[in-house]
Every structure is written in C-alpha cells, then in structure tokens.
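Contents: one structure, followed by commentary.
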C-alpha cells in the first residue's frame, strides 16, 4: 500500500506546482491528457517492435463502457482540479479530496470490485481516525479565516468524480488488463476526448491561442501552459497513476482508499511551509499528524 500513499503524496504537491506556475489551467489539463495518451501509445508501439509483446502492448478494449467512462473522468477531473488549484488556496483544494477515501470503499463494495470483507475492523478504524484528522485541519483553516471560494467547489466536484477512477480501473484489471495496459487505454481515450473538449472551450472563449492586445504575453502563457501539461503528463500523471494502480492490484480498491488522505496532508504541509497560506496552529499540526499515523498503521496492517 505504500506505493499508493506515495502516489497521493505526489498529487498533494501537484496543486502547489499549478498555483505557482501562472498558466491557463484548462489548456494545461488538455495538454496533459494528450501528452499522456501520446506517450503511452508510442511506448506501446516501440516496445512491440523492439522487444516483443509486453503488458503495455495489450489491445485497447474500445468497446468497454467502463474504459470510456474512466477516460472521460481522467480528462474532466484534471480540468476541474487545475482550475481550482490555480485559483487556490492549495490547502482547501487538498481537503476537498477528503471525500475520496470515504466514498470509494462503499462504491467498490456496491460495484463488486471488492469482497465483502476487503477491509477489516482495524482498517475502518484507521479510516475514521484519518477522517477526524482531516476534519481537524479543516477546522484550523476555517478558524484562520481562509476563505472557501469557488476553487473549493471545483475541487469538490473533481474529488467526487475521482471516486469513479479506482472502481473503473479495478474493473478493467479484473477483465484481464495489466497496470500499464489500463493506464495506456485510459490515456488513449482521454486523448481522443480532449479534441472535442478543446474545440468546445475555444468556441465559448474559455481557451484562446491568440489575441491582438498583449499577444506576446498571451503567446508566452500558451507556451508555458502546454509545456506544463507535457511535464505533468509524466511527473504528476504517469508516475502516480501507475503507483496507485499497482496498489489496487495488490491490496484492492477499499484497502488503498485511506491513502487518498495523503493528498490533503501533503497539500496542507505545502501551504504551511512553502506557499505560507496556511497557519501553523496546534490544531492543524495535530490533525496532520493523526492522518499520517492512521495511514501508516493501515499500511502496516496485514492483508
């Protein structure tokens, strides 16, 4: 389960990177999805020709509704998250994802991706303590008068969508796809769907590639946004998603769900020590410590 905790810790840093980057969030999100799809599809072709069949070279199940759903979520969730992260503050964005570890075990049980007793009593206890720690951080930020703006609304919507990803990924793994094959397939679908989404955003004026006034500054913004999207495709998408899916394959959806609390924990620490938009109150530090301890105990518990 440690690989899953690391994956969400990486995502906890992600919001801070987006906040400091001065980018067009929607354009960066689309560039990230296109970059991921191109990278994994190209890798699949190269590996097939050079070394023969490998896990990543598995055929994409285009007829799978689960695949198209997860690919769409991969794209739309990134747009919502990027918009919220650029608006900030990052600590609030991280806290919005606290709904993921609470809802995911329930959804996994209902969808049949986990057995009835996938989580033992101690795992549920750890999940409850992590939620209490998250609530303590929430309370500390609210007491410090950090405003919950529309950024938090976008982040909460992104978090709700994100609960679908592990369920769909587990379903695809149960259908015979390996970790790399699942990620490649989702990336390819997200890349395809990015084209009509980009066209829609251009049509409504949410994304623009040109402009008369300040065209030089706007061109720099576009270039920076595309570059950030390309970097994100590897550093903040390929790596954490692979780690997360490895964890799901080993421990199941429910067991790994508590690791999602690593994201608000790391986001809060970044806000506290790097961006300095969160207060170092005893309540906040205690809440962060409780989350960390709950994740550690759950990860060390037996299967």
Could you pull out every one of the helices (runs of 4 or more DSSP H) wholly within the stretch 9-106 that has 3 or more residues that are over 21 Å from residue 258 (Cβ atoms) and modelled with pLDDT of 90 or more? 25-50, 65-87
Give, as residue ranges, the helices (runs of 4 or more DSSP H) completely inside the stretch 113-225 that count at least 2 residues that are at pLDDT 75 or above and within 20 Å of residue 72 (Cβ to Cβ). 150-162, 164-174, 179-203
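The values are calculated or read from the model by the stated rules, or taken from the named source; none is laboratory data. It should be emphasised that the depicted structure is a prediction, and the values quoted were computed from it without experimental measurement. With ideal geometry, Cβ positions are generated from the backbone for all residues, glycine too; neighbour counts draw on all protein chains shown.
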